[in-house]
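Each reported figure results from applying straightforward, stated rules to the coordinates on display, with no laboratory input. Everything numeric in this text was worked out from a predicted model, so none of it was measured. Neighbour counts run over all protein chains shown; Cβ positions are idealised from the backbone, glycine included.
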Amino acid sequence: MKIGVPQSVRGQLILLLLGCLLAAQMLSISYFLHDKNRLLLDYRAFDAVERLLSTAKLLKTLPAADEEAVIKTPAEWGLQYTITVAAPQVRDELQLSEDLAIYLKDKFGLSFGDGFLLAAAESGNRSEITGQSDKPGRNLVLLASIKLDDGRWLTARDVLHLPKPWAWQLTVTILATVTIVVAVVWIIVAKITTPLRHLSNAADNLGRGEDLQPISASGPSELRKLTQAFNDMAARLTRLLNERARTLAAIGHDLKSPITAMRLRIELLDDGEPKDRLGLCLDEIQELVDAALSLSRGCDTSEPEVVFQLEDLMSELVSDLRVVGGEITLVNPHRFFIYGRRNALKRAVRNVVENALRYGHRARIFVRPAMADVCLLIDDDGPGIPEADRARVFNPFVRLEESRSRDTGGSGLGLALAKSIIDGHQGRIRYEEADSGGARAVIILPRLLDQSAAV
């Protein structure tokens with residue numbers, strides 16, 4: 001399973017802070033251990049030199065026969081003494097600090113290379129400093145050597161046991177620090193992301209055309225301003241949509257009376273071509289009025305949202321259209337649950353299917369799963385839709401039928417209404433070429449994955 005970067009603001013911010021915190025902790029620990037080891041090495045080197053000088057003074061006062069007893073006597077802090085004729089061949093692998101060299105010169109008058117040698121190396125390395133291979137580990141071997149008056153060299157060897165870099169104390173400290181920081185950041189970020197989540201949910205509801213209550217402004221000042229701006233925008237959009245729906249409904253209702261009066265007057269005319277032409281004009285006007293009323297009802301969101309089976313809706317729609325002579329085939333309908341305005345969705349799908357019957361004379365409907373969505377494919381046997389016009393067909397009053405006849409072209413509002421309803425359900429609709437060469441309408445709607453929610 002591939003682990004990706006968190007997508008939420010909270011997850012990304014915590015991941016960023018956690019990475020920075022761990023990097024800072026590693027650098028701090030590395031610097032602390034290096035500095036601590038350096039101080040320990042300098043302190044033990046100074047102590048070894050001081051004891052080495054004391055032992056050298058003691059050897060001056062003792063006969064040669066007693067030297068071996070002094071050398072073999074276990075020294076404090078584990079110092080090991082040896083006397084050699086030649087100066088030991090040493091190499092300072094760890095580069096003792098300059099501060100230590102200055103201090104030894106000021107304190108004891110010793111200078112490196114002038115009858116005095118001091119070096120250090122990590123144990124486990126075969127080095128001239130030790131003359132042997134020490135056991136592997138995080139230890140340092142310190143070697144101090146001074147030239148005696150008789151030309152021989154007195155050497156003191158010390159082994160420093162360093163603390164482990166990843167001791168449990170450091171691990172506990174890091175874990176405690178990380179836990180506290182993550183907990184604090186989690187709480188702080190939650191106060192920031194909660195208003196953002198409310199805004200996201202409100203935007204989704206607004207996109208479905210639902211009436212919104214103003215969101216309470218909370219969080220930082222920037223989020224409060226954003227929330228207030230969203231509330232103002234939502235109020236203006238809701239007001240404009242309601243005004244549009246009321247205007248369309250009012251126009252449609254107001255035109256019914258004049259149309260009825262004109263029909264009565266036409267009936268008083270003598271039969272003939274003028275009367276027939278006037279009747280056709282009134283039929284076109286009546287169709288436009290009915291389409292405008294349908295569009296206003298499509299914009300109406302007062303219908304409650306319910307959970308329903310898409311299979312039942314499609315079967316019901318197919319039966320209704322077959323009664324009026326439509327040749328429709330519903331292919332392998334699956335059992336999906338949809339949450340939305342059932343009557344509105346039925347009207348939207350009906351408009352698309354009627355459009356397929358109008359141009360293709362026959363419609364085939366396929367219902368398929370598509371990840372977390374459900375996909376409706378509506379194919380016809382018509383001439384198809386040119387690719388350049390596939391997006392334009394959803395604009396109001398757009399008819400691609402060249403004859404402009406109301407008998408074949410319709411009013412140009414059916415697909416616009418269908419798209420408005422489908423968009424309001426967080427769905428998508430588009431046209432593409434069908435396998436038969438005709439047009440294929442693709443409708444994608446979100447479905448309920450948990451069928452228990454339908455109970």
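Pulled fully out, how much extra length does the chain show between Ser221 and Lys60, if you take 0.36 nm times their separation in residues and subtract their Cα-Cα distance?
Net length gain for the segment: 49.7 nm.
If I take R0 = 30 Å and measure r between the Cβ atoms of Glu50 and Gln89 in this structure, what FRET efficiency does the formula 1/(1 + (r/R0)^6) give, to the nearest 0.05?
0.80
Just how many % of Cα pairs in region 303-454 lie over 19 Å apart, if you round to the nearest whole percent?
When all Cα pairs of region 303-454 are counted, 50 percent exceed 19 Å.
Could you list which residues have their amide H under 5 Å from that of Val159, counting only those 5 or more apart in sequence or on another chain, with H placed in the peptide plane?
For Val159, the qualifying residues are Leu142.
Fully extended, how many nm does the chain gain between Leu269 and Glu311 (0.36 nm per residue separation, minus their Cα-Cα distance)?
10.0 nm
Using the Karplus curve 6.51 cos²θ - 1.76 cosθ + 1.60 with θ = phi - 60°, work out ³J(HN,Hα) for each residue of region 246-262 in order, rounded to whole Hz, and write x for Gly and Pro.
Result, rounded to whole Hz: 5, 5, 4, 5, 5, 4, x, 5, 5, 7, 5, 5, x, 5, 5, 5, 5.
Multiply the residue separation of Arg428 and Ile259 by 0.36 nm, subtract the distance between their alpha-carbon atoms, and state the gained length in nm to one decimal.
57.2 nm
Once you've got the Cα coordinates, tell me which of Lys60/Lys107; Lys256/Lys419; Lys72/Lys147; Lys191/Lys419; Lys225/Lys419 are over 30 Å apart.
Lys191/Lys419; Lys225/Lys419
Could you work out the relative contact order of region 303-454? I mean the mean sequence separation of Cα pairs under 8 Å and 6+ apart, divided by the number of residues, in percent.
With pairs under 8 Å counted, the relative contact order is 25 percent.
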